[in-house]
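**Q** I am attaching a structure below and will ask some questions about it afterwards.
The values are calculated or read from the model by the stated rules, or taken from the named source; none is laboratory data. Just so it is clear, the structure is predicted and the values come from calculations on it, not from any experiment. Virtual Cβ from ideal backbone geometry, glycine too; neighbours counted across all protein chains shown.
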Amino acid sequence: MKYWYIARGDRKVGPYPLVQLRAMASSGNLSPEDRLCRHGQEKWQRAAEVPHVFDGPEAEWVRTVEYFGPESEEVREYADFKERFVAWWVDGLLTLFATAMVAGAISNAINKHYGIYLTNWDDQIAADVTKLVVAVLIGWVYEALQECSVYQATLGKRLVAIKVTDTQGRRISFGRATTRYFAKFLSLISVYGYFACLVTERRQALHDLLAGTIVVKDAKVEGRTRQGIW
């Protein structure tokens, strides 16, 4: 079996078998301009010049089963607190707007049938609970569907070029994304929660530890230059 090294800045990482190079190419973790060197040789060449890395039936098989890793620990860069905070802030604004729109629609529907508005109920607790349930459901659908998608990130995370993976660097399932979302409530009510990413080895918040996920920088081009606002 052939093994290849990848040039990452001034470092040589690997070696990787050809099938893993195909997986990295399919997931965007290897670009055609990345430099590769076959194990036992000293000649470096563009990944696009290495046969079957970006084409061929085996590469199509990789895309079909959606195999996105695992990444080497040497290659992986963990998202820092600043990036995660910006993503959280952007996603919060988007879900707040969506919640207001949906709650308004529910309020109008209730007014049409019962003559009362959601925000003017005599039972304020019932009104607040209804709005809370709407907010939780919208946040769940918004985050879980996007983090298990091909982007592996919400709109806020994509803005700062970070993504969510499992601890092996692979795309997570909808079930794991759901676990991660609801575990955030434990992070929210605890003092440790969100700030755990400042002290844990893999920069995992409490909800990441509970769900078995990590948040990494989404590098897609040579030299690990990232597409985002940072």
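**Q** Kindly indicate which of T95, T167 is modelled with pLDDT of 85 or more and surrounded by fewer than 17 Cβ atoms within 10 Å (Cβ to Cβ).
**A** Working: T95 fails: surrounded by fewer than 17 Cβ atoms within 10 Å (Cβ to Cβ).
The conditions single out T167.
**Q** Suppose the filter is surrounded by 19 or more Cβ atoms within 10 Å (Cβ to Cβ) and closer than 18 Å to R84 by Cβ; does V199 pass it?
**A** So V199 does not fit the description; no.
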